[in-house]
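All remarks here apply to the structure that follows.
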Amino acid sequence: MSYAIEVKNVTKEFGAKTVLNQVSMQVKKGSIFGFLGRNGAGKSTLVNIMTGISFVTKGSVHLLGEPLPLSSAVQRKIGVMPDYSMFYEDMTALQHLRYFAKLLKFEQPNAYYMNLLKQVGLEDAAHVKTKKFSFGMKKKLGIAQALVNAPELIFLDEPTSGVDADSILGIHEIIRNLAKKGTTVFLTSHNLDEVEKLCDEVAIMENGVVRSQGTLEELRTRFQPTLEVTMKHAQASKDSKAILTKLIENHGEILDSSPEHFTFTLQDDTMIPVITRAFAQMKIDVYRIEVNEPSLEEIFLDVASSQ
Amino acid sequence: MKTISFYEFKSQFKSIKAFLIIALLLVVTLGSAKLFQNFQVQTAELGFEGMYIAGLVALLTIAGPLFVSALSHDSINRETHTRTMRFLVTKVSRTEIVIGKFIGMFAFWVICLAVVSLALIPFSGTFYVREYLVILLFMAYFIGLFLFLSTVITKPSLSLFVGTVLAIGLPVIGFWGLVDNSNVVIRFVNYVMPYFYFDETTGYLGYLVLPAMTALFVAASCWLVKGRDL
């Protein structure tokens, strides 16, 4: 397996305070990786270490196969949007992109930069000095500058916080397009809904430790090993209902029922066809089956509360 | 590094301070040159060939550190304070940033002093190459010193204060050491000051020592910036 990011046993101490404690994680190339945690969990510290803003106390980080500190060649393949984007106040948005591209030895014609600004919704502000930019506009420019070198790996630290709803959709579209082109996206966010929509894999950090990492499916299985199923059906007789109740209780636990519905838990979805066949044999029409999976928010709260 | 240098070079010209300094340099240099022109015969008889540039040399020897401090005291800590440094370190190496900034600031003085020296030619009929190079070495020393200061002190307001104190204090100590070498402390401090190497008795030693000390300041700045969380 080829990884874009490999973090091994990273510890970060500020004096006597341990902010990151033996953190390890891997991010597959070409994936969108969501990094979650409460404020002060250590997310930004880890991102700062990975992007060369801070240093590890112990442990190692490899980006695109190379250990930190990176060579210029690998550094030029990485885009970074730090958590707090501040710009040179006397420079315009376009001048910033030109300057950063020049630093990365990735100079392009003006149309290229204008296209980037258009993607983030800043085309009208291309020639405006950043001292006149709002917080949201700075965020957008932060994303544009991270994209300026068409990176293979991009770090986006809270890219949509403080950004208007319309622009958020545009940013999500940019992230999806990046992944389609094979760019690895490391996304830090407080917006669980955003992470759930966009990310292939997620890590949850709490108190400087990665508590859980995996695909959403894996996390769901790990933190809520049962499925919650609701079946809405035609009215059943008392006898039929008793038979069905017994059948369901053999495989799970009934949470709620009425003559027209059952809500129950199952260990996995293999028993659903067995139950629906029983309904069919008793000639009771099933109108709807809802399988409720835990949301990322529920998983996140579960992880946080389990500590 | 070239990009950082060029940006720093350009940003030196952006402040009103830079224009005031250039204007002052021109007024003092051309004013003193005009004054010396009135005593052309006398100065030639006394063998003072470099009189036309004396005004510039005197001004920079006294106020040069103050000029450099005004323009460069926050070259590194300003970027750290405003967090623009975070963009830079994710794109180029920290050593490139520090050396690039030094080159940019030095280039500013190379151009400024060249313009002022060229403006003297109508009076002197010559370009004072030796004096020009000596002044540049002197200025490079202070650029290195204030670059180092801006890495040691993380707050721009504090580096402005310390820089101003140093810019006033160092020339005083430097000249004191030249006229009175009885004080052991002053004599020792003078060995690391550029004024000591302007003394004729040190010969060409200054040409070696000043660049070496400048390099030391830049290297120390690189070392500090390389090991620091931003």
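The values are calculated or read from the model by the stated rules, or taken from the named source; none is laboratory data. Note that the coordinates shown come from a computational prediction; the quantities given were computed from them, not determined experimentally. Neighbour counts run over all protein chains shown; Cβ positions are idealised from the backbone, glycine included. Side chains are part of the model used for accessible areas, which takes the heavy atoms of the whole protein and leaves out ligands, DNA and RNA. Shrake-Rupley method; radii C 1.70, N 1.55, O 1.52, S 1.80 Å.
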Please pull out the direction-averaged projected area of segment B:118-230, using the convex hull of its alpha-carbon atoms, in nm² to one decimal place. 9.4 nm²
Largest-first ordering by accessible area, 1.4 Å probe, given options B:187, A:288: A:288, B:187
For segment A:224-297, size of Cβ-based charge dipole, Lys and Arg +1, Asp and Glu -1, in debye: 480 debye
Ratio of Rg to Rh over segment A:224-297 (Cα coordinates, Kirkwood Rh, two decimals): 0.96
Work through the residues other than residue A:251 whose Cβ is under 14 Å from its Cβ and net out their charges, Lys, Arg +1 and Asp, Glu -1. -3
Among B:159, A:24, what's the order by accessible area (1.4 angstrom probe), most exposed first? A:24, B:159
Using a Gaussian network model on chain A with a 10 Å cutoff between Cα atoms, which of A:153, A:247, A:216 fluctuates the most? A:247
Using Cα springs under 10 Å in a Gaussian network model of chain B, which residue among B:89, B:218, B:209 shows the largest mean-square fluctuation? B:89
For labels at residue A:105 and residue A:243 in the simple 7 Å Cα→Cβ model, what's the distance in nm? 7.7 nm
Other chains' Cβ within 10 Å of B:91-101 residues: what's the mean? 3
Taking chain B and dividing mean pair separation by its residue count, relative contact order in percent (alpha carbons under 8 Å, at least six apart): 28 percent
Hits among lysines - C-alpha to C-alpha of residue A:17 under 26 Å, sequence gap 8 or more where chains match: A:8, A:43, A:58, B:155, B:226
Of all DSSP beta bridges located in the protein assembly as shown, what percent are antiparallel, nearest 5? 70 percent
Compute the separation of the alpha-carbon centres of segment A:240-257 and segment B:92-157 and state it in Å as a whole number. 86 Å
Report residue B:11's accessible area, 1.4 Å probe, all protein chains in place, as a number in Å² to the nearest 10. 30 Å²
Heavy-atom SASA rank of B:83, A:277 (probe 1.4 Å, accessible area, largest first): A:277, B:83
For the pair B and A, total buried accessible area rounded to nearest 100 Å², probe 1.4 Å: 2300 Å²
Under 20 Å from a point placed 7 Å out from the Cα of residue A:129 along the Cα-to-Cβ direction: which residues of segment B:60-89 have their backbone N that close? B:71-72, B:74-75, B:78-85
Rounded to the nearest 10 degrees, what's the angle between the helix A:272-281 long axis and the longest principal axis of chain A, both from Cα atoms, 0 to 90? 30 degrees
Kirkwood Rh, segment B:123-183, all Cα pairs: how many Å? 13.9 Å
If you take the Cα atoms of the protein assembly as shown, find Rg, then find the Kirkwood Rh from the mean of 1/r over all pairs, what is Rg/Rh? 1.20
Going through B:14/B:101; A:102/A:131; A:102/B:101; A:105/A:138; A:118/B:14; A:180/B:2 one by one, the pairs whose alpha carbons sit over 26 Å apart turn out to be A:118/B:14; A:180/B:2
Quick check: pseudo-label points 7 Å beyond the Cα along Cα→Cβ at residue B:107 and residue A:26, how many nm apart are they? 4.5 nm
How much accessible surface does residue B:20 have with a 1.4 Å probe, in Å² rounded to 10? 110 Å²
For chain A, find the longest principal axis of its Cα atoms and tell me its angle to the long axis of helix A:296-305, 0 to 90°, nearest 10. 90 degrees
Using alpha-carbon coordinates, inclination of helix B:156-179 to the longest axis of chain B, degrees: 30 degrees
What whole-number distance in Å separates the alpha-carbon centres of segment B:15-38 and segment A:111-153? 43 Å
Nearest 20 debye, what's the magnitude of the dipole of chain B about its Cα centre given +1 on Lys and Arg Cβ and -1 on Asp and Glu Cβ? 1100 debye
Area accessible to solvent at residue A:253, 1.4 Å probe radius, in Å²: 110 Å²
